[in-house]
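The values are calculated or read from the model by the stated rules, or taken from the named source; none is laboratory data. Note that the structure is a prediction, hence the values are computed from the model and not measured. All Cβ positions, glycine included, derive from the backbone under ideal geometry; neighbour counts span all protein chains shown.
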Amino acid sequence: MKSPLLPAVCVSLGFGALLMLAQLPAPNAGGVSAGHDIMIVKDLDGANKFWNTLGGEPAQLGTLKLTKLPGVLYLMRKGDNKGGTEGSSVEYVGYKVKNLKETLAKMDAAGFKPMPGATKSRAFLLTPDAIKVRLVEDRSLATPVAADMIQMDVSNVKDAQAWYEKWFGAKLVKDGKETYADIPGHRILFVEAKGPVEPTRGRAFDRIGLEVKNLEDQCKKLDGAGIKLDGKGYTKAKGMDLAVCLITDPWGTYIEMSEGLAAVK
């Protein structure tokens, strides 16, 4: 699937205005926070039904259809994809829910049944495009649902943690038995892959988004370190104070870095 840089810039232009409504998290010491995540879905109505049933709210800007949930904002583009999350470097996305039994009943009524192996406190579901979603019950939540984490499967956990710490200021945070690489708005759980994994680019969960201060300098540093910049690299959108740059991490996760989303009116 082709994914030229120009459409990515156009996507970000529309996406930024909605992100103002979602309020970007305060950046970490390295100037980085979550920006947005982009999905490529074959069935846009089905995808919207899944996320809206989970607790999302539909949003639209021009022809762009979006879904926002507490702690996250998704842009879903209609198109063919190479498959779901399983087998890719992003294995699943995780949410906390206040009442798992009620949430699963609601999802089941809408036609989305949990995968085998569900327990009283945890369950997995698949979106119509096979994006794997983990639900974990947390009775202390102030909202019925909230974004929690992303699991990435990598060949070397310590190397991945160090890479995200070096380039995006991620901090290692212990939560029970799990250790997360925390970037404001994105908690990443790195797990050692059992075999080869496919890159996310062109799949249903296409890329994660990060808002980066001094993005041009960051791109120069990445380029200088031998990390390939996609397309034209650092690109400023015409007529707007917005810039984007796309890379793929060493384990196959496609990343759209942006600067200026928080300032879009």
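Answer yes or no: is there a residue in region 138-146 that is in a strand (DSSP E or B), over 26 Å from VAL212 (Cβ atoms) and not hydroxyl-bearing (Ser, Thr, Tyr).
yes
Can you tell me which residue is nearest to LEU44 (Cα to Cα) among those in region 122-137 that are in a loop (DSSP other than H, G, I, E, B) and in contact with a Phe, Trp or Tyr (Cβ under 7 Å, 6 or more places away or on another chain)?
PRO128
Can you find, within region 85-100, the residue that is surrounded by the fewest Cβ atoms within 10 Å (Cβ to Cβ) among those that are under 16 Å from the mean Cα position of the chain (by Cα) and of a type outside the set (D, E, K, R)?
GLY94
Just to be sure before I move on: is LYS82 in a loop (DSSP other than H, G, I, E, B), in contact (Cβ under 8 Å) with a residue 40 or more places away in the chain and surrounded by 15 or more Cβ atoms within 10 Å (Cβ to Cβ) in the structure I sent?
Taking the combined requirement at face value, the residue satisfies it.
Residues checked against (1) farther than 15 Å from ASP206 by Cβ; (2) modelled with pLDDT under 80:
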| position | (1), (2) |
| --- | --- |
| VAL11 | no, yes |
| ALA22 | yes, yes |
| PRO27 | yes, no |
| VAL32 | yes, no |
| ILE38 | no, no |
| LYS42 | no, no |
| TRP51 | yes, no |
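Would you list the strands (runs of 3 or more DSSP E) that sit entirely within region 161-217 and hold 3 or more residues that are among the hydrophobic types (A, V, I, L, M, F, W, C)?
Result: 186-192, 205-212.
Looking at (1) within 20 Å of GLY35 (Cα to Cα); (2) free of Cβ contacts under 8 Å to residues at least 12 places away in the same chain; (3) assigned to a loop (DSSP other than H, G, I, E, B), which one does THR119 not meet, given that it meets all the others?
Every listed condition holds for THR119 apart from (1).
Going by the conditions given, is GLY111 farther than 24 Å from LEU44 by Cα, part of a loop (DSSP other than H, G, I, E, B) and either at pLDDT 95 or above or within 24 Å of the chain's Cα centre (by Cα) (or both)?
Against the criterion (farther than 24 Å from LEU44 by Cα, part of a loop (DSSP other than H, G, I, E, B) and either at pLDDT 95 or above or within 24 Å of the chain's Cα centre (by Cα) (or both)), GLY111 does not qualify.
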